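The values are calculated or read from the model by the stated rules, or taken from the named source; none is laboratory data. All values derive from a computational prediction rather than experimental measurement. Glycine gets a Cβ as well: all are built from the backbone with ideal geometry, and neighbour counts include every protein chain shown. Accessible surface is based on the protein model in full, side chains and every heavy atom, while ligands, DNA and RNA are left aside. Shrake-Rupley method; radii C 1.70, N 1.55, O 1.52, S 1.80 Å.
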Amino acid sequence: MKVAVFSAKRYDRALLTEANLHHGHALTFQEAMLGPETVVLAAGYPAVSVFVNDRVDAGVLAALARGGTRLVATRSTGFNQIDLEAAREQGIRVVRVTDYSPYSVAEFAVGLLLTLNRRIHRAYERTRGGNFELDGLMGFDLHGRTVGVIGTGKIGKVFAGIMRGFGCTVLGHDVYPDPGFEALGGRYVPVEQLMRESDVVSLHCPLTPETRHIINADSLSLVKPGLILVNTSRGGLVDTNAAIGALKNGLLGGLAIDVYEQEADLFFRDLSSDIITDDVIQRLVSFPNVLLTGHQAFFTREAIGTICATTLDSISAFERGEPLVNEIRAPD
Ligand code: NAI
């Protein structure tokens, strides 16, 4: 089947090409993101593959349908970038990668937490410049601290298990509580209590209308001063301006983010020679206690290998008219 692969980076090309040896699809790689200006490149392709920041809204889906596209395969778990209602109206089916190494993201979240708490990012810079001073690098023991996990699905549970291993008390909040989380020693509490009692909060729920700005000025007003907030899920979960306010008044003692609300205009590109006009992200990176990475939590060999294999499996199943196990649909 002819597949237009958008947002295709070097590693996508290499690993999809390798995985495609088992499938034989005709893959056309586009460096560009899918959006209103680039959707023309999908004309004549029955399948299109996208990534987290491509724009798959009603207008783009209508254009895709006109061009003959019948399947959109996102190479991600999250699918908040796709208007599922509009896809259904256009008769376009949508698949995602439901399952890939949750360890990739959970371990990265732990890495961010350790780095920020123990100021490893600052120490790295200092020692390279010959500065072996410890002033300003003091962190706290995680052992015995309380860690709140919002969203106790696949990634949240792995993260919770690691934190239990560190000797932390783990609190959870989820709309669908999972006995597996409690079996790890986690305890479900209302989200307000989680915000009040935690020393660290890590976000692992999807971005939905209900979770947008789940971290906002109100929830941040509840926290113990010095809270470390980790977000490896989706930028829209955090009201960034409220987080900046809480960093300024010290309620937030640290913010570690792999995702950012306006990341679509920035991430996955080298803008080091450009003028960045987003003042919010520039303010964020000016704080010594903010650690920002560019949506790389998923980026392990294991995760990418599964993402490529699952995406091509779904496209092959679609071509053969078989059930699509990773299909996502708008609620009826
Ligand atoms: P999952 O579907 O296994 O778990 C998500 C959990 O969030 C579920 O238990 C669900 O019930 C819960 N949830 C949904 N609405 C909620 C609400 N209103 N309040 C509290 N909990 C709620 O998903 P998984 O695989 O654990 O992934 C979680 C998120 O991580 C994804 O949605 C995605 O946004 C993000 N992600 C980020 C990556 C990165 O590279 N930074 C890579 C992969 C995923």
### Query
Each residue of region 35-52 in turn: what ³J(HN,Hα) in whole Hz from Karplus with 6.51, -1.76, 1.60 and θ = phi - 60°, glycine and Pro shown as x?
x, x, 7, 10, 4, 4, 5, 8, 4, x, 9, x, 10, 10, 10, 10, 10, 4
### Query
With a sphere of radius 12 Å drawn around the Cβ of residue 263, what net charge do the other residues whose Cβ falls strictly inside it have (Lys, Arg +1; Asp, Glu -1)?
-2
### Task
Return one quarter of the surface area of the convex hull spanned by the alpha-carbon atoms of region 102-292, equal to its mean projected area, in nm².
11.3 nm²
### Query
Using a 1.4 angstrom probe with every protein chain in place, what is the largest-first accessible-area order of 280, 39?
280, 39
## Note on the structure
Relative to the chain, whose Cα atoms define the longest principal axis, helix 154-165 and its Cα axis are tilted in degrees, nearest 10, by 30 degrees
### Query
Helix 240-249 versus the longest principal axis of the chain: what is the Cα-based angle in degrees, 0 to 90, to the nearest 10?
10 degrees
#### Entry: Extension gain from residue 269 to residue 131, taking 0.36 nm per residue of separation minus the Cα-Cα distance
46.5 nm
### Query
Which sequence of 224, 248 reflects their accessible areas, 1.4 Å probe, from the largest down?
248, 224
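Identify the chymotrypsin sites (Phe, Trp or Tyr not before Pro) of region 114-145 meeting these criteria: DSSP loop state and at most 11 other C-beta atoms within 10 Å of the C-beta.
Details: sites: 124, 132, 140; in loops: 132, 140.
Answer by residue number: 132.
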### Query
Per residue and in cubic angstrom, what volume does the convex hull of the Cα atoms of the chain have?
150 Å³
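Divide by every residue of the chain the summed helix terms, -39500 (n - 2.57) for each DSSP H run of at least 4, and state the resulting mean residue ellipticity at 222 nm, rounded to the nearest 500 deg cm²/dmol.
On the way: 12 runs with 116 residues, N = 332.
Counting only the DSSP helices, I get -10000 deg cm²/dmol.
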### Task
Search the structure for amide H atoms under 5 Å from the amide H of residue 256, placed 1.01 Å from N in the peptide plane, and list their residues when 5 or more places away or on another chain.
229, 230, 231, 291
### Task
Note down the net charge around residue 105, summing +1 for each Lys or Arg and -1 for each Asp or Glu among other residues with Cβ under 12 Å from its Cβ.
0
### Message
Skipping prolines and chain starts, which residues have an amide H placed within reach, meaning under 5 Å, of the one on residue 187, given they are 5 or more residues away or on another chain?
### Response
170, 171, 172
#### Entry: Largest-first ordering by accessible area, 1.4 Å probe, given options 299, 268
299, 268
### Message
Taking the 0 to 90 degree range and rounding to the nearest ten, how far is the long axis of helix 301-319 tilted relative to the main principal axis of the chain, both from C-alpha atoms?
### Response
30 degrees
